[in-house]
Structure formats: structure tokens, C-alpha cells
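One structure is given below, encoded as C-alpha cells.
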Amino acid sequence: MAKMGRPPAENPKMYKVTVRMSGPDYEKLIRYNEATEQTITETMLEGFDLLMKKKAKKA
């Protein structure tokens, strides 16, 4: 019998990062995510990519 279930991810996410935020900052994040239809993870990774690009331009 063949294995069943979800196939393995190409790039599995192995690490968990937590961030503490104030209430107003969290509300802004939620509003942004609803407007852009992104998850919190997608928003944070997009922000990280922008920071890395900004640093690369300065170097």
C-alpha cells in the first residue's frame, strides 16, 4: 500500500520566531494583513526581504 498524506515541502520551515508587540502595533499589523490578504508570516518575511535589500544597496 502506498504512503498517504501530504507530500514533503520543498523548503520546510523548521524554525519558529516569536515577536512581542504592543496592542496598537498588533492592530496595525492585522489591518494591513486584511487589506493585503496576507498572513502574518508573509508580511514579516516581506518586511525582512525589504530590509535585506536596503542593506545590500548601502554596501
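Structural remarks
- Between 0 and 90°, nearest 10: helix 23-36 axis offset from the chain longest Cα axis: 60
- Directionally averaged projected area (the chain, Cα convex hull): 7.1 nm².
- Cleavage-rule hits, GluC sites (Glu not before Pro), the chain, DSSP coil, Cβ neighbours within 10 Å at most 11: Glu10, Glu37
- Lysines whose Cα lies under 27 Å from that of Lys3, excluding same-chain neighbours fewer than 8 positions away: Lys13
- Dipole of the chain computed with +1 at Lys/Arg Cβ and -1 at Asp/Glu Cβ about the Cα centre; of Gly5, Thr43, Tyr15, farthest Cα towards the positive end is Tyr15.
- Cβ-placed point charges (K, R +1; D, E -1), dipole of the chain about Cα centre in debye, nearest 20: 380
- Loop-located trypsin sites (Lys or Arg not before Pro) in the chain whose Cβ has at most 13 other Cβ within 10 Å (DSSP): Lys3, Lys13, Lys16, Arg20
- Radius 14 Å from Cβ of Ile40, net charge of other residues (Lys, Arg +1; Asp, Glu -1): -1
- Once the Cα-Cα distance is subtracted from the 0.36 nm per residue extended length, the Ile40 to Asn11 segment shows a gain of 8.6 nm.
Every number in this text was worked out from the coordinates using simple rules, so none of it is lab data. Quick caveat, the model's predicted, so the values are computed rather than measured. Here the Cβ is made from the backbone with ideal geometry for all residues, glycine too, and neighbour counts use every protein chain on show.
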